[in-house]
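Single-structure report; data block below.
Read-outs: derived from the displayed coordinates by stated rules, not from any lab. Just so we're clear, the structure is a prediction, and the values are computed from it rather than from any experiment. Here the Cβ is made from the backbone with ideal geometry for all residues, glycine too, and neighbour counts use every protein chain on show.
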């Protein structure tokens with residue numbers, strides 16, 4: 001509401017200033033023609049001609065917000081704005097046709113409809129195009145402000161996500177279990193112990209590198225996840241069974257950095273670890289229309305009963321906040337548990353083969 005009021009006040013101030021300038025010009029023209037015009041009458045005529053542009057300018061601003069002339073969108077926006085100019089020309093011709101018989105401001109004698117339309121096209125169309133060009137400036141300024149806010153939210157969200165992921169990976173209980181499993185392997189399977197140490201090293205290195213990147217290729221995210229799961233498989237043994245369903249065509253799509261690891265860890269901690277018998281975790285990625293669908297399906301409940309945020313845990317709530325910053329409203333995150341006790345966490349995001357503008361701006 002405050003922004004709308006400011007817009008109307010700004011448009012009114014601009015056109016009032018133009019009306020006052022036109023009043024002085026109109027008095028001078030009439031004076032040179034030998035027909036002196038009083039200030040009050042000149043002001044009434046100028047106001048009748050210019051003040052209707054106040055609502056027109058506000059309407060054009062709203063239209064430019066939705067259909068700006070910018071790279072990648074001008075083919076769709078240009079016909080819409082051209083149609084808006086045509087509508088303004090028609091409305092202006094009707095307005096002049098109705099008021100001119102009373103004011104005798106625009107014509108000595110009110111002409112027919114064709115002449116009114118031609119006159120409106122000569123005078124109103126250029127002015128309308130000028131208004132459209134001018135209102136692009138505040139539209140772009142507002143977009144830049146929103147972009148800066150989104151970048152700030154993304155940077156804060158990524159920092160919290162990295163800290164949450166590293167805390168889960170590096171907490172003493174996790175390290176104790178991983179190192180204890182490696183110590184036991186050394187006595188009877190040196191190759192497996194070496195593999196576990198290399199996986200732990202790679203996991204730490206990948207987690208700490210590229211810390212400023214908001215999005216990574218799905219292939220990179222899957223590689224990080226494989227290092228994490230190789231250590232978890234050493235710790236849990238046959239109790240953890242993995243089912244990878246990652247479509248190769250999706251590996252080049254960009255996803256939020258450190259998106260899958262917390263989801264899989266949540267499934268393991270709350271779904272697999274409490275079980276005595278083997279449990280399966282299925283990690284999937286597939287294209288669904290124009291969206292990339294990521295899923296983590298696990299045996300057992302994937303979160304504690306006292307979760308927050310309408311059934312989502314704190315980690316999932318942070319994930320939702322990051323997705324909102326990156327994709328606006330073009331994403332979905334859901335968690336469902338079926339009658340067999342299998343929990344399915346799904347994330348749907350737009351398909352992108354390049355990082356988002358927010359990431360580019362942050363870089």
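Which parts of segment 89-107 would a label at residue 40 reach, counting a residue when its backbone N lies under 17 Å from a point 7 Å out along Cα-to-Cβ? Hits in segment 89-107 for residue 40 at 17 Å: none.
Remark: the residue 190-residue 102 segment gains 21.6 nm on full extension, using 0.36 nm per residue and subtracting the alpha carbon distance.
Placing a label point 7 Å from the Cα of residue 241 along the Cα-to-Cβ line, the residues of segment 268-286 whose backbone N sits under 14 Å from it are 272, 276-283. Seen through its C-alpha gyration tensor, with square-root eigenvalues sorted a ≥ b ≥ c, segment 64-103 comes out prolate because a/c lies at 1.5 or above while a/b is bigger than b/c.
Label zone (residue 51, point 7 Å along Cα-to-C-beta; backbone nitrogen cut-off 11 Å) within segment 8-28: 16. Cα convex hull, segment 199-273: 87 Å³ per residue, rounded to a whole number. Seen from all directions on average, segment 2-147 presents a Cα convex hull projection of 10.2 nm².
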